[in-house]
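Enquirer: Structure below; questions to follow.
The values are calculated or read from the model by the stated rules, or taken from the named source; none is laboratory data. Predicted, not measured: the structure shown is a model, and the values here were computed from it. Glycine gets a Cβ as well: all are built from the backbone with ideal geometry, and neighbour counts include every protein chain shown. Areas reflect the complete protein model, heavy atoms only, side chains present, ligands, DNA and RNA absent. Shrake-Rupley method; radii C 1.70, N 1.55, O 1.52, S 1.80 Å.
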Amino acid sequence: MSWRGFDTARAAARRRPFDQLERRLVRHALAEGTDEPEVARRVAQLRYAVSFARLTTVQNPDGQEVDLAGIQGVHAQRVLDRLSPHLLSGSDLRSALRTSEEIVAWTVQARRSLLASVPVDRDALEAEVCTRQLVIASGGGGGAGYVYPGVFEQLDRLGLTPSLMVGTSIGALLSMFRARRTQFDLAALLAAARVLSWTNVFRVLETGSRYGIPATLRLYLRSALGSLFQTDDSDAVGGRRDAWLSDLEIPLYTVVTGVTVEALKHDLHYYERLLADDVRTTRTMQARAGLRAMQILREFLSAPEALREIVVGREPGTEDFDVLDAAGFSAAIPAVIHYDVLREDARMQRILDQLYARHGITRLGEGGMVSNVPARIAWETAVSGHLGARRNVFVVALDCFAPSAGRLAWYPFQQMVRQANVTRDRAFADLYVSFPQTLSPLNLVPSVADAMTAIRWGRAAVEDHLPFVREMMRPLQVVRDREGWADDTG
C-alpha cells in the first residue's frame, strides 16, 4: 500500500501499535476511574510517553520536515515492549501505571537527546505529541447512512471540528453537508430532506453516458440540491457558481472507483437495461432488483486488480472538483444508479479527462467497490502530512452497512463487502461505529420523519463512545525534564 510515495504499510507498522496502546490506556482509565490525583497524573504521563514514542515526522515552523523514525526506533521499541504486556497482551491498568516512572525517565532522556542532535523545533515537537486532528470516515450503504448526521451532531456538540471528512457513496453525500460549514448545520440537511422526492432525485429515462457506468436510475443531484451547493464568484455569470471541493470550510474527499475495460463483464447497454423492468414498484425493486444489483457488484469485486481507488479531492488535479459531482460519482452503483457529467462544462470535462488518462480507466463508479469504509484513506492522508503540519490523528469510522443478523436479506452482501475491503480498512480506525438500527439501504430518499428517526438512531449509537472521544481528543500536557508538569515547553 502506498500513496504518492508514502508507504502506508510501513507507517502503520511503526505507529499503529502506539495508537492501540493509548486507546487501551484511555479506555481502562475511563472504566476504572481516575479520581485519585496520583492515578490521573500517571495516566497522563504515560499517554505523553506513548505519543512521544509514536513520533515519526515533525514539521518545523519553516516547513522543514524532520524524519525522526530512525533515531526514535530503539526508544519506541523499548516503550512498546515495556507496556504491551500490561495493555495489549493483558488488561491491567494498575500494573501499567507502575511502569510510568521508568518510562517517563526514558522519554525525558530520549527527548533531551533528540533535541540536542536533530534540528527539530521544540514547540513543533510538543504540538505533534500533544494535539490531535479529528478525521471522520463515513461509509457506503444507501439509505442506511442517514444515521450519520446524528453522529456529526454529537461530535459538534463536544466542540470537535473535523480536520477532514472522507466519504464513500451515501457517506460522501452526507459528508458534503457536514463539510459546508465549520459548525454543523443540521437545519440545512433537514431543509433539503423536505424538498427531496424520488422523482426529483432519480429518473428513469434514456440518456447518454460519458464518464459513468450506465444504469437504470439516473441520479440528478443538481436539480435536487444545486441551490445548497453554490458559492459567490464575481467572475461567474450572475455572481454565483457551483461549489467546488476547495470552497468547503472543512476539506472533503470522496472515494470513487476507476473501472478499467477488464472489469466490465458486459457491454454498457447491458448495465443500462438490467433493472429496467424492476423499478416500476418499490416491492419488486426491493426483491428482484436488489438481488441483481448484488450479482453485478459481486462481478466487479471478483476482479479487484481491474479497479482503481481514486480519492477525489486528494488526487492531484481534483482539488476543484464540483462538490455534487464528487459525491454523485461515489454513489453511482453499477446497473442501479447512473451519475454523469453530460452538461457542457469544459472545466469539469478537462479534470475528468486528465483523471481518466492518468489511471487508464474507462468509467467511474461507486466507491464502495474499493473502500466502503475509508478509514485507511483518512489515516494515511493525515499521517503522510497531506493535511498540514500535524500528523497525530484520531479516525472515527462510521459503518452503516456492517453485517447484521437482523437484516438477513442483506447479510450475504454485507459480508461480501466486509471481506472485500472493510476488514482491511477498519484496522486504521481509532473508533469504529456500527449501527444497530438503520433505515433500509433502499430507502434512498426518506421522508423527513424517517430521516429524523435515523438521525436519532445515529445519536444513540455514538452516545456511549463520547467520553472516549472527548478524552482522546483532549490536548496532553507536556512532561517536563523533572518531576511534574511544564508550564511551557522551554
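Enquirer: Under 6 Å between Cβ atoms, at least 6 apart or on separate chains: pull out the pairs that start in the range 71-85 with a residue that is in a helix (DSSP H, G or I) and end on any residue that is open to solvent by less than 80 Å² (accessible area, probe 1.4 Å) and among the hydroxyl-bearing types (Ser, Thr, Tyr).
Expert: What qualifies is Arg82/Thr99.
Enquirer: If you don't mind, another one. List the residue pairs whose Cβ atoms are under 8 Å apart, where the first residue sits in the range 173-194 and is over 18 Å from Leu221 (Cβ atoms) and outside any helix (DSSP H, G or I), the second is open to solvent by 50 Å² or more (accessible area, probe 1.4 Å) and among the charged types (D, E, K, R), and the two are 6 or more positions apart or on different chains.
Expert: Once the first residue is over 18 Å from Leu221 (Cβ atoms) and outside any helix (DSSP H, G or I) and sits in the range 173-194, its partners that are open to solvent by 50 Å² or more (accessible area, probe 1.4 Å) and among the charged types (D, E, K, R) give Arg181/Glu249; Thr182/Glu249.
Enquirer: Let me ask something additional. Kindly indicate whether Arg418 is crowded, with 16+ Cβ neighbours inside 10 Å, closer than 25 Å to Val311 by Cβ and in contact with a Lys or Arg (Cβ under 9 Å, 6 or more places away or on another chain).
Expert: It is true that Arg418 is crowded, with 16+ Cβ neighbours inside 10 Å, closer than 25 Å to Val311 by Cβ and in contact with a Lys or Arg (Cβ under 9 Å, 6 or more places away or on another chain).
Enquirer: So, one more: Say we look at the range 195-220 and pick out the residues that are β-branched (Val, Ile, Thr) and open to solvent by 20 Å² or more (accessible area, probe 1.4 Å); which of these is farthest from Asp232 (Cα to Cα)?
Expert: Filtering the range 195-220 for residues that are β-branched (Val, Ile, Thr) and open to solvent by 20 Å² or more (accessible area, probe 1.4 Å), the one farthest from Asp232 (Cα to Cα) comes out as Val204.
Enquirer: Now, a different point. Take the conditions under 25 Å from the mean Cα position of the chain (by Cα), without any contact (Cβ under 8 Å) to a residue 24 or more places away in the chain and within 30 Å of His269 (Cβ to Cβ) and apply them to Tyr211. Does it pass?
Expert: Values: under 25 Å from the mean Cα position of the chain (by Cα): yes; without any contact (Cβ under 8 Å) to a residue 24 or more places away in the chain: no; within 30 Å of His269 (Cβ to Cβ): yes.
Against the criterion (under 25 Å from the mean Cα position of the chain (by Cα), without any contact (Cβ under 8 Å) to a residue 24 or more places away in the chain and within 30 Å of His269 (Cβ to Cβ)), Tyr211 does not qualify.
Enquirer: A further question follows. Could you run through the range 372-430 and say how many residues are of a type in the set (Lys, Arg), within 11 Å of the chain's Cα centre (by Cα) and assigned to a loop (DSSP other than H, G, I, E, B)?
Expert: The qualifying residues number 0.
Enquirer: Sort through Ala188, Ala179, Ala110, Ala192 and tell me the only one that's within 30 Å of Glu65 (Cα to Cα) and either at pLDDT below 95 or open to solvent by less than 10 Å² (accessible area, probe 1.4 Å) (or both).
Expert: Answer to the selection: Ala179.
Enquirer: For the range 441-474, what are the residues that are hydrophobic (A, V, I, L, M, F, W, C), open to solvent by 10 Å² or more (accessible area, probe 1.4 Å) and touching a residue at least 60 places away in the same chain (Cβ under 8 Å)?
Expert: Listed by number, the residues that qualify are Leu442, Leu444, Val445, Val448, Met452, Trp457, Ala460, Ala461, Leu466, Met473.
Enquirer: Still on this structure, please answer the following. Can you pull out the residues in the range 390-416 that are in contact (Cβ under 8 Å) with a residue 60 or more places away in the chain and either among the aliphatic types (A, V, I, L, M) or in contact with a His (Cβ under 6 Å, 6 or more places away or on another chain) (or both)?
Expert: Passing the criteria: Val393, Val395, Val396, Ala397, Leu398, Ala409, Met416.
Enquirer: Could you list, in sequence order, the residues of the range 195-213 that are out of contact with any strand residue (DSSP E or B) (no Cβ under 7 Å at 6 or more places or on another chain), among the hydrophobic types (A, V, I, L, M, F, W, C) and not in a helix (DSSP H, G or I)?
Expert: Within the range 195-213, Leu196 is the sole residue that qualifies.
Enquirer: Regarding the range 89-106, can at least one residue be identified that is in contact with a His (Cβ under 7 Å, 6 or more places away or on another chain), open to solvent by less than 70 Å² (accessible area, probe 1.4 Å) and closer than 24 Å to Asp123 by Cβ?
Expert: yes
Enquirer: Just checking: which of the helices (runs of 4 or more DSSP H) contained wholly in the range 90-161 hold 3 or more residues that are touching a strand residue (DSSP E or B) at 6+ places or on another chain (Cβ under 8 Å) and in contact (Cβ under 8 Å) with a residue 12 or more places away in the chain?
Expert: In the range 90-161, 100-117, 122-130, 148-157 are the helices (runs of 4 or more DSSP H) which contain 3 or more residues that are touching a strand residue (DSSP E or B) at 6+ places or on another chain (Cβ under 8 Å) and in contact (Cβ under 8 Å) with a residue 12 or more places away in the chain.
Enquirer: Now for a separate question. Identify all residues within the range 102-151 that are on the phi > 0 side of the Ramachandran plot and in contact with an Asp or Glu (Cβ under 8 Å, 6 or more places away or on another chain); write none if there are none.
Expert: Keep residues of the range 102-151 that are on the phi > 0 side of the Ramachandran plot, which gives 141-142.
Selection gives Gly141 alone.
Enquirer: Let me ask something additional. Scanning the range 223-260 for residues that are of a type in the set (Asp, Glu) and part of a strand (DSSP E or B), which turns out modelled with the highest pLDDT?
Expert: So in the range 223-260, the residues of a type in the set (Asp, Glu) come out as 232-233, 235, 242, 247, 249.
Now narrow it down to the ones that are part of a strand (DSSP E or B): 232, 242.
Values: Asp232: 90, Asp242: 93.
Selected residue: Asp242.
Enquirer: Give me the pairs: first residue in the range 41-68 and without any contact (Cβ under 8 Å) to a residue 12 or more places away in the chain, second residue outside any helix (DSSP H, G or I) and open to solvent by 10 Å² or more (accessible area, probe 1.4 Å), beta-carbon distance under 8 Å, and six or more apart or on different chains, which are they?
Expert: Pairs that qualify, where the first residue is without any contact (Cβ under 8 Å) to a residue 12 or more places away in the chain and the partner is outside any helix (DSSP H, G or I) and open to solvent by 10 Å² or more (accessible area, probe 1.4 Å), are Asp67/Thr56; Asp67/Thr57.
Enquirer: Taking the range 288-304, which residues are of a type in the set (D, E, K, R) and either open to solvent by less than 20 Å² (accessible area, probe 1.4 Å) or touching a residue at least 24 places away in the same chain (Cβ under 8 Å) (or both)?
Expert: Arg292, Arg298, Glu299, listed by residue number.
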